[in-house]
Amino acid sequence: MIEDKNPQRTPLEQLGEFGLIDHLTKNFKIKKSSSIKGIGDDAAVLDFKDKQVVVTTDLLVENVHFDLSYMPLKHLGYKAVVVNLSDVYAMNATATQITVSIAVSNRFPLEALEALYAGIETAASIYDIDVVGGDTTSSTTGLLISVTAIGEVDKDDVVYRNGAKPNDLVVLTGDIGAAYMGLQVLEREKEVFKVNPENQPDLDAYTYIIERQLKPEARKDIVELLKDLEVKPTAMMDVSDGLSSEIIHICKQSKVGVELYESKIPLDPEVISVCEEFKIDSTTIALNGGEDYELLMTIAQEDFEKIKGNPNLTVIGFITEEARGMNLITRGEQVIPIIAKGWNALGDH
Ligand code: ADP
Ligand code: MG
C-alpha cells in the first residue's frame, strides 16, 4: 500500500555495524542537563540530583505489533518512542532520555533505517528528550525495535495505580477508540489492495482515526496541565490496552470499585460514524480498543472545581467501595459488570 518513494537501496553491509550506528545517531545532540554522557561510550551517564527516576521499556515486533505494509517506517520510529513516553507521563513524570535498540534483517536497506531514525528524531525533538544509547544487531527475519524511556519526578509528585479512593472522580483525557478503528480501516484497505493492487484507497473520511493509529501522541501536555492546575491525581495510568482493562488495573491495585457512565465516554464523531459503517458498537470499541495513549486518572472530589470545564479532561464516572464491584451504567441505566477484554482479545494482534 505504501509506495517505495525511496528507490535507492544501500545494503547495510556496506557500512558495517559501527558505520551504521554512527550514521544513524550522528544527529542526536544532548539537550538535557541530566544527560552527562550520551551515545559513544560503554554506557550513558545520567544525573538526576534529588529527583526520583522512572524507567520503562517496550518491545515492538514486526507483524505482531506493526505491519510495514501500511505503517511507514518514519511513523514506526515516532510511535515506538511515543508509546514509551506515554508510560513515563502516566507516572506524572517528565520524560528526559530514551535508548533505542533495533534488530534488522538484510531485507532492510540503509534508507529504511534512515526513515525509522527520522521518526525517532522527530519524536525526540517534539517531546524534548535525548537519545542516549541503544544497541544494533541483525535479525534473520523481521524488524524488532525496543525503546527504553527514562524520566524524572519529584518524590511527592509520582502517581501510582494504587491510590484511588471511594468517591474519587474517574477522569479521562482526549477521546478513545479511534486508534483501534483506524487499524480496522487500514486492515480492510490492505485486503482490498491484495486483491486489486491498482486500487488507490480513498481515506479522506478516516483521517483522524488513521492518524491516531499511525501517529499517536503521548500526553506530555496533561502532566504540565495538572501541575498548572495544582491537581495531583490519586491514581493514573495510560490507556494502551483499552479503557476496561485499564480501569480494572486501577480498581484492583487500589482495592476499590467503580461506576463508569456510558454516556460520558468521549468519542470522536469519526469513530461513531466508522463504528456504524463497520456495524460495531462504539462503546465496545471505547472499552476494548487499544493504543489511544490517553491518560486515565482518578481525582479527589475537592479537586473537581480545578478541572471543571477543561476540554482535555472528561469525568466519566466515580470510584466506589470495592464491594460494589466494577460497573458500566449504560445509557438505558442498565448496570453491566466491566470485564477486561483488551484489544488483543479482539483478535487482531
Ligand atoms: P557495545 O559494544 O557496548 O554494545 P555499541 O558499539 O553497540 O556498544 O554502541 C556504541 C554506542 O552507540 C553506545 O553508546 C550505544 O549505546 C550506541 N548505540 C548503539 N546502537 C544504537 C542505536 N541503534 N541507536 C542509538 N544508539 C545506539
Ligand atoms: Mg552494542
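Where a number appears in this text, it was derived from the coordinates with a stated rule and is not lab data. Predicted model, so just to flag it, every value in this text is computed and none were measured. Positions of Cβ are backbone-derived with ideal geometry, glycine not excepted, and every protein chain shown enters the neighbour counts.
Report the full-extension gain for the segment Asn27 to Glu322: residue separation times 0.36 nm, less the Cα-Cα distance, to one decimal in nm.
The span from Asn27 to Glu322 would gain 101.1 nm if fully extended.
Given the stretch 169-346 reduced to its alpha-carbon atoms as identical point scatterers, what log10 I(q)/I(0) does the Debye formula return at q = 0.08, 0.11, 0.13, 0.18 Å⁻¹?
Per q value, in the given order, log10 I(q)/I(0) is -0.27, -0.49, -0.66, -1.16.
Mind listing the phi-derived Karplus ³J(HN,Hα) values for the stretch 151-161, rounded to whole Hz, using 6.51, -1.76 and 1.60 with θ = phi - 60°, and x for any glycine or proline?
Coupling constants for the stretch 151-161: x, 10, 7, 5, 3, 7, 9, 5, 10, 9, 8 Hz.
Would you be so kind as to identify which of Leu226, Tyr208, Gly182 lies farthest towards the positive end of the dipole of the stretch 145-269, taking Lys and Arg as +1 and Asp and Glu as -1 on Cβ and the Cα centre as origin?
With unit charges placed on the Cβ atoms, the residue in question is Leu226.
By the gyration tensor of its Cα atoms, with a ≥ b ≥ c the square roots of the eigenvalues, what is the shape of the stretch 213-308: rounded for a/c under 1.5, prolate for a/b over b/c, or oblate?
Since a/c reaches 1.5 and a/b is larger than b/c, the shape of the stretch 213-308 is classed as prolate.
Applying the Karplus parametrisation 6.51 cos²θ - 1.76 cosθ + 1.60 with θ = phi - 60° to the phi angles of the stretch 129-141, what ³J(HN,Hα) value in whole Hz is obtained for each residue in order, glycine and proline being reported as x?
Computed from phi, the couplings for the stretch 129-141 are 10, 9, 8, 10, x, x, 8, 10, 8, 9, 10, 7, 10 Hz.
Relative to the first principal axis of the alpha-carbon coordinates of the chain, what is the inclination of helix 110-126, with its axis defined by its Cα atoms, in degrees from 0 to 90 and to the nearest 10?
40 degrees
Taking the Kirkwood radius as the inverse of the mean 1/r across Cα pairs, report the Rg/Rh of the stretch 125-232.
1.07
State whether the stretch 92-147 is rounded, prolate or oblate according to the following rule on the C-alpha gyration tensor (a ≥ b ≥ c being the square roots of its eigenvalues): a/c under 1.5 gives rounded; otherwise a/b larger than b/c gives prolate, and the remaining case gives oblate.
Verdict is prolate for the stretch 92-147.
With N set to the number of residues, divide the alpha-carbon radius of gyration of the chain by 2.2 N^0.38 Å and report two decimals.
It is 1.04.
Which residues does the label zone of Gln14 cover in the stretch 102-130, counting backbone N under 20 Å from a point 7 Å along Cα→Cβ?
The answer is 104-118, whose backbone nitrogens lie closer than 20 Å to the label point.
Given an 8 Å cut-off on Cα distances and at least 6 residues of separation, report the relative contact order of the stretch 12-153 as a percent.
Averaging sequence separation for qualifying contacts and normalising by length gives 39 percent for the stretch 12-153.
For helix 243-254, report the angle its Cα long axis makes with the longest principal axis of the Cα atoms of the chain; keep it between 0 and 90° and round to the nearest 10°.
That works out to roughly 70 degrees.
Quick one: helix 73-89 against the long Cα principal axis of the chain, what's the angle to the nearest 10°, folded into 0 to 90?
Tilt of helix 73-89: around 40 degrees.
With point charges of +1 on the Cβ of Lys and Arg and -1 on the Cβ of Asp and Glu, referenced to the Cα centre of the stretch 102-161, which listed residue (Ile102, Ile150, Thr122) lies farthest in the positive direction of the dipole?
Comparing the listed Cα positions along the dipole, Ile102 ranks first.
What relative contact order, as a whole-number percentage, does the chain give when Cα pairs under 8 Å and 6 or more residues apart are counted?
The normalised contact order for the chain reaches 21 percent.
Let me make sure I get this right: for the stretch 202-249, a, b and c are the square roots of the gyration tensor eigenvalues over alpha carbons, sorted descending. Under 1.5 in a/c it's rounded, otherwise prolate if a/b > b/c, else oblate. Which is it?
Judged from the Cα gyration tensor, the stretch 202-249 comes out oblate (a/c at least 1.5, b/c at or above a/b).
What ranking do 188-201, 17-30 get when scored by the average of other Cβ atoms within 10 Å per residue, highest first?
Highest mean packing first, the order is 17-30, 188-201.
Once you have the Cα-Cα distance between Val64 and Lys306, take 0.36 nm times their residue separation minus that, and quote the gain in nm to one decimal.
Answer, rounded to one decimal: 83.0 nm.
So for each of 224-233, 331-340 I average, over its residues, the number of other beta carbons within 10 Å; can you give me the resulting order with the highest mean first?
Listed from highest to lowest mean packing, they are 224-233, 331-340.
Enumerate the calculated ³J(HN,Hα) couplings along the stretch 14-20 in order (Karplus 6.51 cos²θ - 1.76 cosθ + 1.60, θ = phi - 60°), each rounded to whole Hz, writing x wherever the residue is Gly or Pro.
Here the 3J(HN,Hα) series is 4, 9, x, 4, 6, x, 5 Hz.
For the chain, give the share of DSSP beta bridges that are antiparallel, in percent and rounded to the nearest 5; count only bridges with both residues there.
About 75 percent, rounded to the nearest 5.
Restricting to bridges with both residues inside the stretch 12-153, how much of the DSSP beta-bridge set is antiparallel, in percent to the nearest 5?
70 percent
Per 5 Å bin, what percent of the C-alpha pairs of the stretch 12-153 does each bin hold, from zero upward?
Going from the shortest bin to the longest, the percentages are 2, 10, 21, 24, 20, 13, 7, 3, 1, 0.
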